[in-house]
Amino acid sequence: MTVVIGFEGSANKIGIGIIRDGEVLSNPRRTYITPPGQGFLPSDTARHHRAVILTVLKEALEQAGLKPADIDCVAYTKGPGMGAPLVTVALVARTVSQLWGKPLLGVNHCIGHIEMGRLITKANNPTVLYVSGGNTQVIAYSEQRYRIFGETIDIAVGNCLDRFARVIKISNDPSPGYNIEQMAKKGSQYVELPYTVKGMDVSFSGILSYIEDAAHKMLSSGQCTSEDLCFSLQETLFSMLVEITERAMAHCGSQEVLIVGGVGCNLRLQEMMGVMCKERGAKLFATDERFCIDNGAMIAQAGWEMFRSGQVTELEDSWITQRYRTDEVEVTWRD
C-alpha cells in the first residue's frame, strides 16, 4: 500500500490531503476570505496560509489516523499559482519531507485536478474542461501528455466571475462564484453580452469590461436587477465553454466529458454541459465542492500516480513556478 500526503496552497485555499491507494483518508482545508469588493493579494494570502498550515497538517494526520512513519511520499503544488502562497506551502512540504525522511514530489496543480476527477468519477479517457479562478482549458490525453486543445487567451472564467462580483459587491463567503450562482437562479431577464469564441479558444476580458462599464448604469436606471446580470453572465460564459468542449470532443471522437476546477461545481454549468452530452450520446462526469475546489487530496492523488511510476523530486529541484502549463508534464503513469 502506498500512502501519499499532498499540500495545496496555490491561491486562497490551503489544503492537506492523504490518499492511500485511491482512498481519500483525510482532506481538511481553510479558505482566506476577503471583504466584499476586494480580491486577495499574494502577500496577505501567504500570511493566512502560514498561520494555519500546521493546524491543517495536524488535522489531516489525525483524521486519517496516521503517524508520519506511515507516509510514503510528500507531494506539494509546484505551480501554477500565486508566488507567495506557493512558496509558503513548498517550504513546509520540503521541511516535512526532510524531518520525516520521505521522498518529495512537485505536482502540477492542473494535473492534480484532472487525476482527482478521474479517481472520483471513474471516467476512462474523458475530454477535460478545466475551469477555475486562474485557468480555463479544454484538455485531452494523448501519448504521455495532457494536450491543451483550447484555452482562454486572456483571463480565466473564474477570474471573470470573481471580478464581476467585486463590481456589484457580492460577498466572497464562501466564494464569489457560488454567490453569483445562487443569485442567477433568481434572474429572469437575459441581458445580451459579448460572446467571444475564437476557434478553439475563448476570451473573457471583453465581456468583463463591458459588464463592468454597463452594470451600474443598468442597475441605477432600473433596466435590470443584479440577479439578471448574474444570470446573463453565467449563461454567456458557460455557453462559450460548452461550445469549445463540444468541438474538442468531435475532434477527439470522445464520448466522455469531465469538468474539473473550482468553477466545475457550478450546477448550471453541469446542467448545460449535460444537455450537450445527451445530444451527442456522451457521458458527463463532475465532482462536488469537496474535490472540485482546490484541495490537498488532489495533489496527493497526482503525487501517488507519479510516485508509483517512479518519479521523485530532488531537494535542489523542489522550487515553485507561477507558470507551469498542463502539457509540460510527461504523464508516465498512463498508457
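Sort out which residues of segment 255-275 are surrounded by fewer than 20 Cβ atoms within 10 Å (Cβ to Cβ) and either out of contact with any strand residue (DSSP E or B) (no Cβ under 7 Å at 6 or more places or on another chain) or more than 27 Å from Glu8 (Cβ to Cβ) (or both), and write them in order of number. Those that are surrounded by fewer than 20 Cβ atoms within 10 Å (Cβ to Cβ) and either out of contact with any strand residue (DSSP E or B) (no Cβ under 7 Å at 6 or more places or on another chain) or more than 27 Å from Glu8 (Cβ to Cβ) (or both): Gln255, Leu267, Arg268, Glu271, Met272, Gly274, Val275. Restricting attention to segment 12-45, which residues are under 25 Å from Asn179 (Cα atoms), free of Cβ contacts under 8 Å to residues at least 40 places away in the same chain and part of a strand (DSSP E or B)? Arg30, the sole residue that qualifies. Of all residues in segment 211-231, count the ones that are surrounded by 14 or more Cβ atoms within 10 Å (Cβ to Cβ) and more than 23 Å from the chain's Cα centre (by Cα). So the answer is 12. Being among the aliphatic types (A, V, I, L, M) and open to solvent by 20 Å² or more (accessible area, probe 1.4 Å) is true for just one of Val157, Val197, Val191, Val202. Which residue is that? That would be Val197, the only listed residue that is among the aliphatic types (A, V, I, L, M) and open to solvent by 20 Å² or more (accessible area, probe 1.4 Å). Given the conditions (1) in contact with a Leu (Cβ under 9 Å, 6 or more places away or on another chain); (2) within 19 Å of Ala282 (Cβ to Cβ); (3) open to solvent by less than 30 Å² (accessible area, probe 1.4 Å); (4) not polar (S, T, N, Q), which single one is not true for Ile180? Ile180 satisfies all of (1) in contact with a Leu (Cβ under 9 Å, 6 or more places away or on another chain); (2) within 19 Å of Ala282 (Cβ to Cβ); (3) open to solvent by less than 30 Å² (accessible area, probe 1.4 Å); (4) not polar (S, T, N, Q) except (2).
If I filter segment 235-256 for residues that are modelled with pLDDT of 95 or more, closer than 21 Å to Asn124 by Cα, among the acidic types (Asp, Glu) and in a strand (DSSP E or B), do I get at least one hit? The answer is yes, given that some residue of segment 235-256 is modelled with pLDDT of 95 or more, closer than 21 Å to Asn124 by Cα, among the acidic types (Asp, Glu) and in a strand (DSSP E or B). Once segment 314-335 is narrowed to residues that are of a type in the set (D, E, K, R) and part of a helix (DSSP H, G or I), the residue that is farthest from the chain's Cα centre (by Cα) is Glu316. In segment 98-117, what count of residues is obtained for those that are in a helix (DSSP H, G or I), in contact (Cβ under 8 Å) with a residue 40 or more places away in the chain and surrounded by fewer than 22 Cβ atoms within 10 Å (Cβ to Cβ)? Number satisfying all stated conditions: 1. Checking Ser209, Ser175, Ser171 one by one, the residue that is over 26 Å from Ser318 (Cβ atoms), free of Cβ contacts under 8 Å to residues at least 40 places away in the same chain and out of contact with any His (no Cβ under 6 Å at 6 or more places or on another chain) is Ser209 and no other. Confirm whether Lys78 is among the basic types (Lys, Arg), at negative phi and open to solvent by less than 50 Å² (accessible area, probe 1.4 Å). Yes. Note on segment 282-312: among residues that are out of contact with any Lys or Arg (no Cβ under 8 Å at 6 or more places or on another chain) and polar (S, T, N, Q), the one that is surrounded by the most Cβ atoms within 10 Å (Cβ to Cβ) is Gln301.
The values are calculated or read from the model by the stated rules, or taken from the named source; none is laboratory data. Keep in mind the model is a prediction, meaning the values are calculated, not measured. Here the Cβ is made from the backbone with ideal geometry for all residues, glycine too, and neighbour counts use every protein chain on show. For the accessible areas, the whole protein counts, side chains as well, though only heavy atoms, and no ligand, DNA or RNA atoms are used. Shrake-Rupley method; radii C 1.70, N 1.55, O 1.52, S 1.80 Å.
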